[in-house]
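The values are calculated or read from the model by the stated rules, or taken from the named source; none is laboratory data. Not measured: the values here are computed from a predicted model. Using ideal geometry, Cβ is built from the backbone for each residue, glycine included, and neighbour counts are taken over all protein chains shown. SASA here: full protein model, heavy atoms, side chains in, ligands and nucleic acids out. Shrake-Rupley method; radii C 1.70, N 1.55, O 1.52, S 1.80 Å.
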Amino acid sequence: KKRFSSGLTAVEKKLAEYKCNTNEAIQLKLVRFPEDLDDDNTTFNPEYSHQVFGDDEVAFGYKGLKILLYYIAGNLSTLFRIEYTSKVNEKFDCVEADDVESKIREIIPPGFCTNTDDFVSLLEKEVNFKPFGMLLHTYSIHEEGGEDITYQIYKADMTCPGFREYHERLQTFLMWFIETASFIDVDDERWNYFLVFEKYNKDGATLFATVGYMTVYNYYVYPDKTRPRVSQMLILPPFQGEGHGAQLLETVHRYYMSSPTVLDITAEDPSENYVKLRDFVLVKLCQDLLCFSPVKLMQGFSQEMVMEAQQKLKINKQHTRRVYEILRLRATNMGDAEQSRSYRLDVKRRLIGPYKKKQRDLAKMRRCLRPEEMTNQLNQIDLNLQREQLEESFQQLVSDYRRVLERLAQA
């Protein structure tokens, strides 16, 4: 019996050697020059692959697995190849290697290259690629090497020739970088697409590289307004941390601000990073409004702020409240006991809202529950605990707010 069980572990050990972490196996590139293909510095990996390979993010059946997904920087024509040093064979009873190829094919559109030569010959045609749609904004960022790089933001839609196919290639990146990504229904005309491109030079010509994008859905609000909702936003990893997200979000806000039919702008299930970005952009837009003058900030949150932010900047009430708290923090001398206490109370009064609601719900329950069930419910809300949680939420907020203000000071 013993021999049998140790035999199993030997097989298990052998099988374990054929497991690969898919976040490491998938190698992505945005290619501008043929030499990028062999340059490891241009490779980046997914943050997530669970939507394609399951929660453990593992592919079974290969040693040294590499899943190459290389994209031409502008129009995103794709090279897809799988490489490995060895693959499990039939000698292993009843085990089969995962069909990695069909899993990837499910998310990338057909028409990709499978060999490097075809890909390189497509790269030569890249000079013909131009951004889609209408130019909204041009900005430049000073590189450490000393030169200024120019970026442009365009608004596109499905009527732009070639955009539908391009968007199919672009959206595959969502799977690797947004935890709960899903593809959108592009036949619904209420989608707007905003794209960021970098201008770069190659052999004396100006070419465009894809940097990132945002999709926004225009919800109808009775009787004659719309409420644009940001659905997805992705700046591709080689460009992250350079300020493109803020440029994109501000440009999109400005685009909708000029439209009289837009009520305000919201976001669907925003990530923490998106909220930080939005705080920065909205505070930057709002800080010069009269209703946010230091004197008015010290008088507390007002209906005037709500109205002005919505009418002039299309910012909704909830986001205006955050802007108010951030700007009030800047105007508050936290070293002054009275000012600091007043600020703390003001923010905590908002934070306690959900707790208060819980208490009201409990009071309702109290009327219809038996006493022993009630004590159970009450134990969950210990007042001391509530105070601690409140203080913790407050401290966390203040440190987030300070980060926004630091970034604002540098902008």
- request: Would you kindly compute the Cα radius of gyration of the range 265-305 and its largest Cα-Cα separation (Dmax), both in Å?
  value: 12.5, 34
field: Charge dipole (debye, nearest 20) of the range 299-368; +1 at Cβ of Lys and Arg, -1 at Cβ of Asp and Glu
entry: 620
message: Ignoring solvent entirely, what values of log10 I(q)/I(0) come out of the Debye formula for the range 10-126 at 0.13 Å⁻¹ when each Cα is a single scatterer?
response: -0.55
query: Spin-label point model (7 Å from Cα, Cβ direction): what's the Glu406 to Asp187 distance in nm?
result: 4.9
query: For the range 56-91, which trypsin sites (Lys or Arg not before Pro) are in a loop by DSSP, counting at most 13 other Cβ atoms within 10 Å?
result: Lys91
- prompt: Across bins of 5 angstrom width beginning at 0, how are the C-alpha pair distances of the range 129-330 distributed, in whole percent?
  reply: 1, 7, 14, 18, 18, 16, 12, 8, 4, 2, 1, 0, 0
query: Between the range 242-288 and the range 314-373, what is the C-alpha centre distance in whole Å?
result: 24
Per-selection Rg to Rh, the range 70-225 - Cα, Kirkwood hydrodynamic radius: 1.06
- prompt: Hey, what did the chain get for relative contact order, percent, Cα under 8 Å, at least 6 apart?
  reply: 9
statement: Heavy-atom accessible area with a 1.4 angstrom probe orders Ser293, Ser140, most exposed first, as Ser140, Ser293
field: Inter-label distance for Asp224 and Glu144, nm, one decimal - labels placed 7 Å from Cα along Cα-to-Cβ
entry: 5.5
- prompt: Based on the Cα atoms of the range 33-98, what semi-axes does the equivalent ellipsoid have, where each is the square root of 5 times one gyration tensor eigenvalue, given in whole Å with the largest first?
  reply: 28, 15, 10
R0 of 35 Å, Cβ-Cβ distance Leu135-Asn115: FRET efficiency to nearest 0.05: 0.45
- prompt: So which helices of the chain fit the span-like rule, where a helix is a whole DSSP H run, its Cα atoms reach 18 Å or more along the axis, and its mean Kyte-Doolittle is at least 0.0?
  reply: 272-286
query: Just for the range 178-309, what percent of DSSP beta bridges are antiparallel, to the closest 5?
result: 90
message: Give me the net charge for the shell around Gly133: Cβ to Cβ below 14 angstrom, other residues only, Lys and Arg +1, Asp and Glu -1.
response: +2
query: Hey, can you rank 356-363, 14-21 by average C-beta count inside 10 Å, highest first?
result: 14-21, 356-363
- request: Translational diffusion coefficient, Stokes-Einstein: compute it for the chain using the Kirkwood radius over C-alpha pairs as Rh, at 25 °C and 0.890 mPa s, and state it as an integer in µm² s⁻¹.
  value: 97
message: If each residue of separation counts as 0.36 nm, what is the full-extension length gain between Lys202 and Asp288 once their alpha-carbon separation is subtracted?
response: 26.8 nm
- line: Filtered hits (lysines, Cα-Cα < 27 Å from Lys317, offset >= 8 within chain) -> Lys155, Lys225, Lys276, Lys284, Lys296, Lys348, Lys356, Lys357, Lys358
query: With contacts defined as alpha carbon pairs under 8 Å and 6 or more residues apart, what's the relative contact order of the range 215-260 in percent?
result: 25
query: Where is the GNM fluctuation largest for the chain (alpha-carbon springs, 10 angstrom cutoff): Met365, Met257, Met175?
result: Met365
Sites Gln339 and Thr43, calculated FRET efficiency, Cβ-Cβ separation with R0 30 Å, nearest 0.05: 0.05
message: Using only alpha-carbon positions, what ratio does the radius of gyration of the range 289-334 give when scaled by 2.2 N^0.38 Å?
response: 1.05
- request: May I ask which residue of His244, Met365, Phe132 lies farthest towards the positive end of the charge dipole of the chain, with charges of +1 (Lys, Arg) and -1 (Asp, Glu) on Cβ and the Cα centre as origin?
  value: Met365
Residues Gln359 and Asp157, FRET efficiency given R0 of 35 Å [Cβ-Cβ distance, rounded to 0.05]: 0.10
